[in-house]
Amino acid sequence: MSLFLLSRRSFSVLTQIKIDPNMQKKLEHLSLISFQNEQTIKKVEQTIHSSDIIHQANVDHLEPLYTLVQTELCPLRQEDIVSNEKTLQTKQVLKNASTTYEDYLVAPMIGKRDSQTVEKVDTTKL
């Protein structure tokens, strides 16, 4: 079984990420979550930093896993080809939806929501 470990020194090698207001708007738009306080932004910065550490790990000598458990087999299923008929059914369902976004249903908000909403960002500039 192959394992790789990250030493504590590798955590200090990468610089800490700072999210500027423009990046904050983009992240809010992509995640559909409003970052309402500084604490939330700090958590997102820490998450990005942790992801960068994992991304920097040298895993060239490791074989890719197709299952989380190396000791048991997990056969892969065959890919299903989506037919035009299925695509037409999807379009008919989306016609009945009150709100859609990029060919997805938009569910109504549950619970109270502040008056502050996420601004729409032009996705062509992302």
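Before moving on, here are some points about what is shown:
- Glu79 being part of a loop (DSSP other than H, G, I, E, B) and within 27 Å of Tyr104 (Cα to Cα): yes
- Selection from the stretch 18-49 of residues that are part of a helix (DSSP H, G or I) and among the acidic types (Asp, Glu): Glu28, Glu38, Glu45
- Looking across the stretch 18-69, just one residue is of a type in the set (Val, Ile, Thr) and in contact with a Cys (Cβ under 8 Å, 6 or more places away or on another chain), and that is Thr67.
- The stretch 82-101: number of residues that are at pLDDT below 70 and of a type in the set (A, V, I, L, M): 1
- Of residues in the stretch 44-53 being of a type in the set (A, V, I, L, M, F, W, C) and without any contact (Cβ under 8 Å) to a residue 40 or more places away in the chain, the one farthest from Asp20 (Cα to Cα): Ile48
- Residue tally, condition surrounded by 11 or more Cβ atoms within 10 Å (Cβ to Cβ) and either in contact with a strand residue (DSSP E or B) (Cβ under 9 Å, 6 or more places away or on another chain) or at pLDDT below 75 (or both), over the stretch 56-69: 1
- Unique match (being touching a helix residue (DSSP H, G or I) at 6+ places or on another chain (Cβ under 8 Å) and modelled with pLDDT of 75 or more) among Ile48, Ile53: Ile53
- Looking across the stretch 27-49, the residues that are charged (D, E, K, R) and over 13 Å from the mean Cα position of the chain (by Cα) come down to Glu38, Lys42, Lys43, Glu45.
- Complete set of residues in the stretch 1-26 that are at pLDDT 90 or above and out of contact with any Asp or Glu (no Cβ under 9 Å at 6 or more places or on another chain): Asp20, Pro21, Asn22, Met23, Gln24, Lys26
The values are calculated or read from the model by the stated rules, or taken from the named source; none is laboratory data. Note that the structure is predicted; figures quoted are calculated from it, not measured. All Cβ positions, glycine included, derive from the backbone under ideal geometry; neighbour counts span all protein chains shown.
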